[in-house]
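Right, one structure below, let's go through it.
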Amino acid sequence: MEGEDWDDLSSESDLLEQDLKDEDEYNYASNSSSKLQFRKVTSVARWNSEVGMAEVVQTKGQLWTTTGIVRSGKLYCSIEETLFLMEIGALHLVSENDQSVSLETMYQQLAEEKDGCCWELYEVYRHLKLLGYIVGRHDIPWSLKSVKRNTGTVSSEGTSESQEVHSPHDCNSIIERLTKMDLNELKLVFDVYLPNGKFRKSSPGDPSYVLCLIRGQPPSKIEVEALERQCGGLPLKFCLVESGRVSFFSFSKVELPILP
Amino acid sequence: MGLRWKGKGAEVRAQADPMSKIVSQLKLSLIESNAHGVLSGCSVLLAVEAVQSDLLNRACFGRPVVTAEKDKQWFQLSMEEAFYLCYILKCLSIHGGDDHRKTDEELWEHMTDKKSTFPEFFKAYAHLRMKNWVVRSGSQYGVDYVAYRHHPSLVHSEYAVLVSTQEHSGENGRLRVWSDVHCMVRLCGSVAKALLVLYISKCGHGDASPSCVTLYSVEERVVGRWSPKDCREDHSIAVNGH
C-alpha cells in the first residue's frame, strides 16, 4: 500500500483485487470450505434446562481454561460454548437422563432464544473463537473464586470456596441474568480477550473489548454514549451480522488536534 | 490511513509556513483592501489582485474562476467559506445583487434558506477551520468535507468528514443504514482516509441568528471497521502484561 497514490480514485486495480479476495470464499467444489480440524478428545457435559447451561461432567483438553464459568466448584458452559464445542467435535452432550443430545436439538434450542443467546450472537461468538479470542458473556464472572488469590495458602482458598454460592438456586440467580436478556435491546453482550495462553479464569483482567450486538440501524450518538458509559472506559465494538457475515465497527471518540 | 505528506520536504515546508499564519495574512490583506464579494445563488464571487489571489490559494479558500480579465482574478467561494470570512474572520463584506451590503443576519437568512442544514454545516466547517485544518468539499469522496493538515499540494487529506445532524430528525440523513456505513468505511479505507463524523448538537438553541452557532456543540468520532483477524496481538498488552 505504501508509496501509491491512494487519493487517486482511478486505482481500480486495488479495489478489484479486494473484490477477488472477497469472493474467494465462494467455493464451487463441495466440502472444500471446511478448514476445521476436528478434535480427537471429547469432554462430556449434561444439559441443564433449568439453568439453560450445560454442566461439564468430564473435561478433556486445554480448552476449559478459557471456556465455561465456575460456580461451587462446578463448571458450567453457556449454550454458545456448548454449541461451539459440539460443532468442533470437542464435546459430547447428554440430557438430564443421560441420553445423547444431537447438534440438531441444540440448534433448535438456540432458535428458541431462551438461554440468553440467539443465532446471530452465536455467529459472533464462533467467529471470534475460531480466531483464538477468549469470549465470555459481558459482566458474568468466570469464577467467583478470584482476586484474593495472592495469599495462596490452602486455607484461604478454602475460605473463598465457602463464600461461593452453593445451592442450585444461587446458580439459577446468575443464570437468570442471562436468560432474561432481551435480545432486541441494544446492550453489551460479550467481553472479548485477546488470544492469550496464560489466561486464567481466577484473574482474567480487563477484557480488551466489549461487544454490543446491533441490528436494524447504525447506532445514534446517544446510543453510543449510553453504551460507552456502561463499558466504563473499555473499548466498545458493535457487531453486525448480515447473512452469516460478521462485521465489527467502532464509533470512537476522537479529538482532532489544533494545528499550528 | 492517516497522515501522508506528498513527497520529500513537504512536511518541512508545511511546518515553516503554518496554516494559521497564512490565514491571518489573508485576513489582514482582505481587511486592508476593504474586500467585498457578491452573493450569487449559493456562491459568493470575489475579485482580487495577485497578492490576495496567492493568499486565497495558499489558505485554500474558494476556487478561481477563469476569465479573460488580466488585472484581477475572480474567486468563487462556497457559502461556508464566505460566511467564515465574513462572520468569523470579519475580513470580507458581502453585497447583494443590488450592491447593498448584507448584514450578518441577512446573509444567515439567505444561506439557511438555500440550505436547511447550513447551520450545522457551517458549525462543522468553522469548527475544523478554527483548529487550522484546511476544509474542502468532500463530494468527490461521497462525503460532506475532507480535512487536510495543510495545503492539499503538500499533504493528502486525512479525514473524510460527514456532518451528523441526527439530533433534529436528521436532515443530513447519512449513516442511517448499515449499507451506507459499509460503503463509507470501505470507500474511505481505499483512499486511505479515516471517516470522521462530526455530531452537531444545537443544544436547544435554534438557528434564528448566526450567533446561535457559537452555542452549538461538536463531537468528533471516527467510524471504522475492526478486523479481529488482524488484531490478535496487542502490543500494549504484550508490553504491560505478564
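The values are calculated or read from the model by the stated rules, or taken from the named source; none is laboratory data. Keep in mind that what you see is a predicted model, and the values were worked out from it rather than measured. All Cβ positions, glycine included, derive from the backbone under ideal geometry; neighbour counts span all protein chains shown. All accessible areas refer to the heavy atoms of the entire protein, side chains included, with ligands and DNA or RNA removed. Shrake-Rupley method; radii C 1.70, N 1.55, O 1.52, S 1.80 Å.
You will find that of B:LEU30, B:LEU39, the residue that is part of a helix (DSSP H, G or I) and open to solvent by less than 40 Å² (accessible area, probe 1.4 Å) is B:LEU30 and no other. Here A:GLU161 meets each of (1) assigned to a loop (DSSP other than H, G, I, E, B); (2) at pLDDT below 90 with one exception, condition (1).
Anything in the stretch A:187-216 that is touching a Pro at 6+ places or on another chain (Cβ under 7 Å) and either at pLDDT below 95 or of a type in the set (D, E, K, R) (or both)? List them, or say none. Within the stretch A:187-216, just A:ASP191 meets the criteria.
On the basis of being touching a Gly at 6+ places or on another chain (Cβ under 9 Å), farther than 30 Å from A:SER243 by Cα and modelled with pLDDT of 95 or more, does A:VAL94 make the cut? The answer is no for A:VAL94.
From the list A:GLU255, A:GLU223, exactly one residue is acidic (Asp, Glu), under 28 Å from B:GLU158 (Cα atoms) and at pLDDT below 95. Which is it? Write out each step before concluding.
Numbers: A:GLU255 fails: at pLDDT below 95.
Sole residue among the options that is acidic (Asp, Glu), under 28 Å from B:GLU158 (Cα atoms) and at pLDDT below 95: A:GLU223.
Among the residues of this structure, B:PHE61 counts as one that is part of a loop (DSSP other than H, G, I, E, B) and buried (at least 20 other Cβ atoms within 10 Å of the Cβ).
Of all residues in the stretch A:192-217, those that are without any contact (Cβ under 8 Å) to a residue 40 or more places away in the chain, in a loop (DSSP other than H, G, I, E, B) and closer than 22 Å to A:ARG245 by Cβ total 3. Considering the conditions (1) more than 14 Å from chain A (Cβ to nearest Cβ); (2) crowded, with 20+ Cβ neighbours inside 10 Å, B:MET19 is excluded by exactly one of them, (1). Scanning the stretch A:212-241 for residues that are open to solvent by 60 Å² or more (accessible area, probe 1.4 Å) and at the interface with chain B (Cβ under 7 Å from one of its Cβ atoms) yields a count of 1. Tally time: how many residues in the stretch A:196-211 are buried (at least 16 other Cβ atoms within 10 Å of the Cβ) and within 9 Å of chain B (Cβ to nearest Cβ)? Count: 3.
Might you let me know whether the stretch B:5-13 holds any residue that is surrounded by 21 or more Cβ atoms within 10 Å (Cβ to Cβ) and touching a residue at least 24 places away in the same chain (Cβ under 8 Å)? No: the stretch B:5-13 contains no residue that is surrounded by 21 or more Cβ atoms within 10 Å (Cβ to Cβ) and touching a residue at least 24 places away in the same chain (Cβ under 8 Å).
For every residue, the table says whether it meets (1) surrounded by fewer than 21 Cβ atoms within 10 Å (Cβ to Cβ); (2) within 11 Å of chain A (Cβ to nearest Cβ); (3) among the charged types (D, E, K, R); (4) touching a residue at least 24 places away in the same chain (Cβ under 8 Å).
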| position | (1), (2), (3), (4) |
| --- | --- |
| B:PHE118 | no, no, no, yes |
| B:LEU128 | no, yes, no, yes |
| B:LYS131 | yes, yes, yes, no |
| B:ASP144 | no, no, yes, yes |
| B:HIS150 | no, yes, no, yes |
| B:LEU154 | yes, no, no, yes |
| B:SER157 | no, yes, no, yes |
| B:VAL161 | no, yes, no, yes |
| B:SER164 | no, yes, no, yes |
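Starting from residues that are part of a loop (DSSP other than H, G, I, E, B) and facing another protein chain (nearest Cβ under 9 Å), keep the ones in the stretch B:171-216 and report whichever is surrounded by the most Cβ atoms within 10 Å (Cβ to Cβ).
As a first pass, look at the stretch B:171-216 and keep what is part of a loop (DSSP other than H, G, I, E, B): B:171-177, B:191-193, B:202-209, B:216.
Right, trim to facing another protein chain (nearest Cβ under 9 Å) and you get B:175-177, B:191-193.
Values: B:LEU175: 23, B:ARG176: 15, B:VAL177: 13, B:VAL191: 20, B:ALA192: 18, B:LYS193: 25.
Looking at the filtered set, the residue picked out is B:LYS193.
Among strands (runs of 3 or more DSSP E) entirely within the stretch A:52-154, having at least 3 residues that are surrounded by 19 or more Cβ atoms within 10 Å (Cβ to Cβ) and of a type outside the set (Phe, Trp, Tyr) singles out A:53-58, A:69-71, A:134-137. Please list, ordered by residue number, the helices (runs of 4 or more DSSP H) wholly in the stretch B:67-147 having 2 or more residues that are over 15 Å from the mean Cα position of the chain (by Cα) and aliphatic (A, V, I, L, M). Ranges flagged: B:104-114.
Of all the numbered requirements in (1) in contact (Cβ under 8 Å) with a residue 24 or more places away in the chain; (2) farther than 19 Å from A:PHE249 by Cβ; (3) within 12 Å of chain A (Cβ to nearest Cβ), B:GLN140 misses one, and that requirement is (1).
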